[in-house]
1. Tabulate in residue order the Karplus-calculated ³J(HN,Hα) for the stretch 18-34, using 6.51 cos²θ - 1.76 cosθ + 1.60 with θ = phi - 60°, rounded to whole Hz; enter x for Gly and Pro.
2. With unit charges on the beta carbons (Lys and Arg positive, Asp and Glu negative) and the dipole taken about the Cα centre of the stretch 2-69, which residue among SER44, ILE14, ALA24 sits farthest to the positive side?
Amino acid sequence: MIVCSCTMITSKDIAEAVSALRTADPFVVLTPGTIYRHLGKRPSCGSCLPLITKLMVAYDEEGPSSAASVPHRSPIEDS
Ligand code: FES
């Protein structure tokens with residue numbers, strides 16, 4: 001699922017970034033900014049940041065399978 005339509009970040013990218021960042025540093029403070037930096041991208045419009053935050057927390061607390069329970073709201077639909 002594409003989470004950020006500006007930079008084409010998917011939910012899988014977020015899961016992998018959370019896993020890699022948590023593995024590299026168990027005490028890392030995860031923010032949407034750390035996810036973007038890890039992926040080598042920068043947010044543009046920012047409308048995806050609430051969803052990225054929800055997915056990041058869900059992946060971090062319960063693992064990637066929890067993302068299915070997070071309701072998807074496309075940033076495109078808000079326009
Ligand atoms: S939808 Fe993510 S920065 Fe625009």
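Read-outs throughout are calculated quantities, based only on the coordinates presented, and are distinct from any laboratory measurement. Not measured: the values here are computed from a predicted model. Counting neighbours? That spans all protein chains shown, and the Cβs are built from the backbone with ideal geometry, glycine included.
1. Computed from phi, the couplings for the stretch 18-34 are 4, 4, 5, 5, 5, 5, 5, 8, x, 9, 4, 8, 7, 9, x, x, 5 Hz.
2. The residue sitting farthest along the positive end of the dipole is SER44.
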